[in-house]
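Chemist: My questions will all concern the structure given below.
The values are calculated or read from the model by the stated rules, or taken from the named source; none is laboratory data. No experiment lies behind these values; they were computed from the predicted model shown. We place every Cβ from the backbone using ideal geometry, glycine too, and count neighbours over all the protein chains shown. When the accessible area is computed, the model is the full protein with side chains, heavy atoms only, and any ligands, DNA or RNA have been set aside. Shrake-Rupley method; radii C 1.70, N 1.55, O 1.52, S 1.80 Å.
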There are 2 protein chains.
Amino acid sequence: MTQLMNSWLPSANRADCDYPLNNLPCGVASTDGNGPFCCTAIGDKVLNLAKLEAAGVIDARGTLSTGSWNAFFALGPAAWESQRERLVALLKAGAPDIATTETHLIAMSAIRMHMPFKVAEFKDFYASRDHAFNVGTMFRGADNALPPNWLHIPIGYNGRASSIVVSGTPVRRPSGQVKGPDETVPRFAPCERFDIELELGAIVGQPSDGQITVDQADENIFGYVLLNDWSARDIQAWEYQPLGPFQSKATATSVSPWIVTKAALEPFRVSTPARERELLPHLRDTKPMLYDIALEVGLAPEGEAETIISRTNYCTMYYSAAQQLAHHTTSGCPMRVGDLLGSGTISGPEKCNRGSLLELSWGGKEPLVLDTGQSRSFVEDGDTLTLRGHAAGKGYRIGFGSCVGKLLPAS
Amino acid sequence: MTQLMNSWLPSANRADCDYPLNNLPCGVASTDGNGPFCCTAIGDKVLNLAKLEAAGVIDARGTLSTGSWNAFFALGPAAWESQRERLVALLKAGAPDIATTETHLIAMSAIRMHMPFKVAEFKDFYASRDHAFNVGTMFRGADNALPPNWLHIPIGYNGRASSIVVSGTPVRRPSGQVKGPDETVPRFAPCERFDIELELGAIVGQPSDGQITVDQADENIFGYVLLNDWSARDIQAWEYQPLGPFQSKATATSVSPWIVTKAALEPFRVSTPARERELLPHLRDTKPMLYDIALEVGLAPEGEAETIISRTNYCTMYYSAAQQLAHHTTSGCPMRVGDLLGSGTISGPEKCNRGSLLELSWGGKEPLVLDTGQSRSFVEDGDTLTLRGHAAGKGYRIGFGSCVGKLLPAS
């Protein structure tokens, strides 16, 4: 599995292709006359899985024509595995009969991508040690940077599912109530400190009722997407005490259109870093639960070239998605198919690894200089932000594609 | 509308009946052989509205046989109003043909109630001045009781929709990570400070996309339920900084089975109290947005008589549901049919008006003595908690019925 699996489709075998046969991500696409339909990506094509099922070539109990992957998730891990095996058999080099499969391939350039699944509920965590330390240092000083609970539980909060959008959807700069440190009363105004958060989102593919272990949580996760949790820092600063972020996080959260399955990421598992405090038993990993996924953020001002403003890796997280999901169930909270868990901003140890502009510009005190010569403290109108990610195998990569959003001016 | 509307059903005309013709709340019920179906309550009966629609007597475009009120909500205010008018015409004293209607009446004792609607997303607020002051005083002292933002925005956070249950569903004492003030490391244990929160829930009946005014928010609200936001105070104390409550609020939230419509509550509108700080224009009321609704909480230990532990009124809130909903949209957050907004704990100025045991027992320092002689700081295993509420008209009442939950021991 750590070698490239060769496909009869040449574009899938290129070392720089995000979608080799090893990947087989899950998306929802439409063409001018057809869809939305469930599909996978292979090389520079997408394969219409709804049509393939209608033709009797694969069997997913009719779930692939629903325009969303949720019903397929609900079929469970055995169905996930058997569909992957069937698709590999159809697409691998030397497959006996490729004619029907070829009929349902469409050029990526001819399709439009949609939200790949219906988000049941959304929660966002705060699980990067470097991110928590950076933000804590800015607000409370380095000595008190980490809250007392941080090394014992993956801190998280519930976000808003209705504002999750698929990559490519423009994002409107929000307005909200803000109060600067020198102002005596708040005012209602467009956000002046609009930010990104580079994250990975984990999708719950199986329901649970009551507390589950970290291993069970890992089994229940279907796959991962890139996730940009757009954040209005000035609105957040005024609203977040005592009950946490609310409107500052409700404008939009962008996700990539391709769900990379846990199966595709299996060869890239890595362990969480050494624990600084021993975790209580219910949160302990029994095997590697993170993944080695290289991540980057590009920022392109309107009409100008992109600068890569951050490069980091998901393996730097302190808590895994499985630990977050296990924690989420401790109170007996039922989890649903389609629940989405944001990893929290993924920062690394160096300045160039920081996953938010808040950290990159150190709260606006050290504006970032772009390759074009412009500087940025926060996102400006017209900026396009692009997240990218991939796991690197030998001669191939498991790509997440990109998660793109352009900021429109406040209305 | 402030007088009793007489019905041909005698039990609906009694002054102490929760469900006179003026009320016509929305529920979902089943009998041994039928349902779940949408229904209303009238006197000591429920009226099967799905059957009434199937018989061609009312027309709600087929929404009443879906086992949930969401599809009816989506029809909009004109449909809400016309169905109310039609039901009044069918059930009022002197209605011309009562035979068909009578056929579809069922004794309340013969039905089982279900969740009346599918909760899209759940958010809970913190909008009682007395509750915020009490809790703030316990944690930060009276001089710093109210957070700086409290008088300017209705503070709220997103909760968990999957853990909302209908009245009558037993609630299991949760476990979670806790750390006492004298402990050096946290431990995982059953909650020792399990509490209730007496609230009203407002149900969003119409979607919105982008910021809406307080008036629009009021128009989009379909109705109200009693809501008990069970809360694990010791888990909350350890987890809630810096991102707010999470697992402490995810065990269960109980709601009453009857949705009392905004139309039924119209005669009982009252204004929010005088503002201590002028609100920014987007949050100002243009008319009375609260309601005069008497509320109480009963606590019955296992096998013993109930003590009324709290009596308060929804009219004491500082922010209305319309203000909360308007605030919720400031960032552009799309709202959905079925979104549920918890008012926040409804406390009043006197000790007997407090809507949580945390306040009633002052954090456990002043245990409450029940009529049976037992004392309570927090909820004990086997206790049954019952919320009740009604608006009082002349010779009639608009009742919410009750919201009941019994605490089972930790598993």
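Chemist: Which ones in segment A:316-366 are more than 14 Å from chain B (Cβ to nearest Cβ) and surrounded by fewer than 20 Cβ atoms within 10 Å (Cβ to Cβ)?
Modeler: Scanning segment A:316-366 gives A:P349, A:E350, A:K351, A:C352, A:W362, A:G363, A:G364, A:K365, A:E366.
Chemist: Among the candidates B:A274, B:A322, which residue alone is of a type in the set (A, V, I, L, M, F, W, C), within 15 Å of B:L341 (Cα to Cα) and either touching an Asp or Glu at 6+ places or on another chain (Cβ under 8 Å) or not in a strand (DSSP E or B) (or both)?
Modeler: None of the other options fit; the residue is B:A322.
Chemist: Oh, and also: Could you list, in sequence order, the residues of segment A:136-162 that are more than 7 Å from chain B (Cβ to nearest Cβ) and of a type in the set (K, R)?
Modeler: A:R140, the sole residue that qualifies.
Chemist: Only one of these conditions is not met by B:E266: (1) within 10 Å of another protein chain (Cβ to nearest Cβ); (2) in a helix (DSSP H, G or I). Which number is it?
Modeler: Of everything listed in (1) within 10 Å of another protein chain (Cβ to nearest Cβ); (2) in a helix (DSSP H, G or I), B:E266 misses just condition (1).
Chemist: What pairs can you find where one residue is in segment B:367-384 and under 12 Å from B:L357 (Cα atoms), the other is at pLDDT 95 or above and among the β-branched types (V, I, T), and their Cβ atoms are less than 7 Å apart, with a gap of 6+ or different chains?
Modeler: The qualifying pairs are B:L368/B:I309; B:S375/B:V369; B:V379/B:I196.
Here's the yes/no breakdown for (1) more than 10 Å from chain A (Cβ to nearest Cβ); (2) assigned to a loop (DSSP other than H, G, I, E, B); (3) on the phi < 0 side of the Ramachandran plot:
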| site | (1), (2), (3) |
| --- | --- |
| B:F188 | no, no, yes |
| B:G201 | yes, no, yes |
| B:G210 | no, yes, no |
| B:V225 | yes, no, yes |
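Chemist: Restricting to segment B:280-299, what's the tally of residues that are within 14 Å of another protein chain (Cβ to nearest Cβ) and open to solvent by less than 10 Å² (accessible area, probe 1.4 Å)?
Modeler: 1
Chemist: Pairs only if they're at least six apart or on different chains, beta carbon under 6 angstrom, first in segment A:215-234 and among the β-branched types (V, I, T), second modelled with pLDDT of 95 or more and assigned to a strand (DSSP E or B); list them, first residue then second.
Modeler: A:I221/A:A202; A:V225/A:G201; A:V225/A:V255; A:V225/A:I259
Chemist: Condition first: loosely packed, with under 13 Cβ neighbours inside 10 Å and closer than 20 Å to A:G223 by Cα. Can you find one or more residues in segment A:39-51 that meet it?
Modeler: Scanning segment A:39-51, I find no residue that is loosely packed, with under 13 Cβ neighbours inside 10 Å and closer than 20 Å to A:G223 by Cα, so the answer is no.
Chemist: Tell me which strands (runs of 3 or more DSSP E) are completely within segment B:1-64 and hold 2 or more residues being modelled with pLDDT under 95, or say none if there are none.
Modeler: Result: B:34-42.
Chemist: Which one is least open to solvent (accessible area, probe 1.4 Å), of the residues in segment B:136-155 that are in contact with a helix residue (DSSP H, G or I) (Cβ under 8 Å, 6 or more places away or on another chain) and within 17 Å of B:D195 (Cβ to Cβ)?
Modeler: B:G136
Chemist: Moving on. Which one is least open to solvent (accessible area, probe 1.4 Å) among residues in segment A:62-81 that are farther than 17 Å from A:H114 by Cα and without any contact (Cβ under 8 Å) to a residue 60 or more places away in the chain?
Modeler: A:A79
Chemist: May I pose another question? Determine which member of the set A:L299, A:L243 is in contact with a Phe, Trp or Tyr (Cβ under 8 Å, 6 or more places away or on another chain) and either part of a loop (DSSP other than H, G, I, E, B) or in the same structural domain as A:D371 (by TED's automatic domain parsing) (or both).
Modeler: Every option except A:L243 fails the conditions.
Chemist: Out of the residues in segment A:180-213 that are buried (at least 23 other Cβ atoms within 10 Å of the Cβ) and closer than 23 Å to B:T251 by Cβ, state the one that is farthest from the chain's Cα centre (by Cα).
Modeler: A:V204
Chemist: Those residues that are more than 21 Å from A:A161 (Cβ to Cβ) and in contact with a helix residue (DSSP H, G or I) (Cβ under 6 Å, 6 or more places away or on another chain), I need them from segment A:250-274; list them, please.
Modeler: A:A263, A:V270
Chemist: Follow-up. Step by step: first the residues of segment B:235-253, then only those that are more than 8 Å from chain A (Cβ to nearest Cβ) and surrounded by fewer than 24 Cβ atoms within 10 Å (Cβ to Cβ), then the one that is nearest to the chain's Cα centre (by Cα). Which residue is that?
Modeler: B:Q236
Chemist: Here's a follow-up. Given (1) over 18 Å from the mean Cα position of the chain (by Cα); (2) part of a strand (DSSP E or B), where does B:L279 come up short, assuming only one miss?
Modeler: (2)
Chemist: Next up: Quick check on segment B:156-179: of everything there that is open to solvent by 20 Å² or more (accessible area, probe 1.4 Å) and part of a loop (DSSP other than H, G, I, E, B), which residue is nearest to B:K249 (Cα to Cα)?
Modeler: The selected residue is B:R173.
Chemist: Sticking with this one: Take the conditions of a type in the set (V, I, T) and assigned by TED's automatic domain parsing to the domain that holds A:S254 and apply them to A:T63. Does it pass?
Modeler: no
Chemist: Among what's in segment B:122-135 and is under 16 Å from the mean Cα position of the chain (by Cα) and within 11 Å of chain A (Cβ to nearest Cβ), pick the residue that is most open to solvent (accessible area, probe 1.4 Å).
Modeler: The selected residue is B:Y126.
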